[in-house]
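Q: Sharing a structure, written as structure tokens. Questions coming.
Just so it is clear, none of the values below were taken in a lab; they were calculated from the coordinates. None of these values were measured; they are calculated from a predicted model. Backbone-built Cβ (ideal geometry, glycine too); neighbour counts: all protein chains shown.
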Amino acid sequence: MKTSITLILASVAAALTMPAAAQFAKPEDAIKYRKASFTVMGAHFSRLGAMASGRAPFDAKVAAENADLVATLSKLPWAAFGEGTDKGETRAKPEIWKDAAKFKEAEDKFVGEAAKLQAAAKTGNLDALKTAFAATGGTCKACHDNFRKD
């Protein structure tokens, strides 16, 4: 029994550490995945932005729910920037692959700020949400400026 559990756990661990490219049958699938990830994340981020800017009434519960989703979704699209996904229907700039370290740094900053946004939303404090939203939005803008075609 212990051997079976060990083998199952080892198999799961191996599957989780496979290269990102193995997650997608074709580069087009990866591009669709990352676009969808960014679209859904953007929808939830926009809801927070509406509250932060006063365009929508602040609701602490709704803010926390949306921030939780943004924090979770912030981790998804990056695996879909693998080999061959620089061609096709994409606004990704070649700099993503030319300067992978800088792109990874932008990814890490965004994921980190999304986690701070999640924590700020959980406080129920609108001012904390506004501050964290601005910082997170700044990481979005920086990444778009450097790595996304208009």
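Q: What pairs in Lys102/Lys122; Lys122/Lys149; Lys26/Lys102; Lys116/Lys141; Lys32/Lys130; Lys104/Lys130 have C-alpha atoms more than 23 Å from each other?
A: Lys102/Lys122; Lys122/Lys149; Lys26/Lys102; Lys32/Lys130; Lys104/Lys130
Q: Measure nothing fancy, just the Cα-based angle from helix 60-73's long axis to the longest principal axis of the chain, in degrees from 0 to 90, nearest 10.
A: It works out to around 30 degrees.
Q: Something else about it: Counting only the backbone N, which residues of region 72-87 are under 18 Å from the spot 7 Å out from the Cα of Glu95 toward its beta-carbon?
A: 81, 86-87
Q: Same structure, new question: Could you give the angle, 0 to 90 degrees to the nearest 10, between helix 2-16's Cα long axis and the longest principal axis of the Cα atoms of the chain?
A: Compared with the principal axis, the helix lies near 70 degrees.
Q: Another question about this same structure. Using the 10 angstrom Cβ neighbour count as an exposure proxy, how do Arg148, Arg55, Arg34 rank, fewest first?
A: With the sparsest Cβ surroundings first, the list reads Arg55, Arg148, Arg34.
Q: Just to confirm a number: summing +1 for Lys and Arg and -1 for Asp and Glu over residues other than Leu129 whose beta-carbon lies under 14 angstrom from that of Leu129, what do you get?
A: +1
Q: On to the next question. By the scheme Lys and Arg +1, Asp and Glu -1, what is the net charge of all other residues having a beta-carbon under 12 Å from that of Lys93?
A: Once positives and negatives cancel, what remains is 0.
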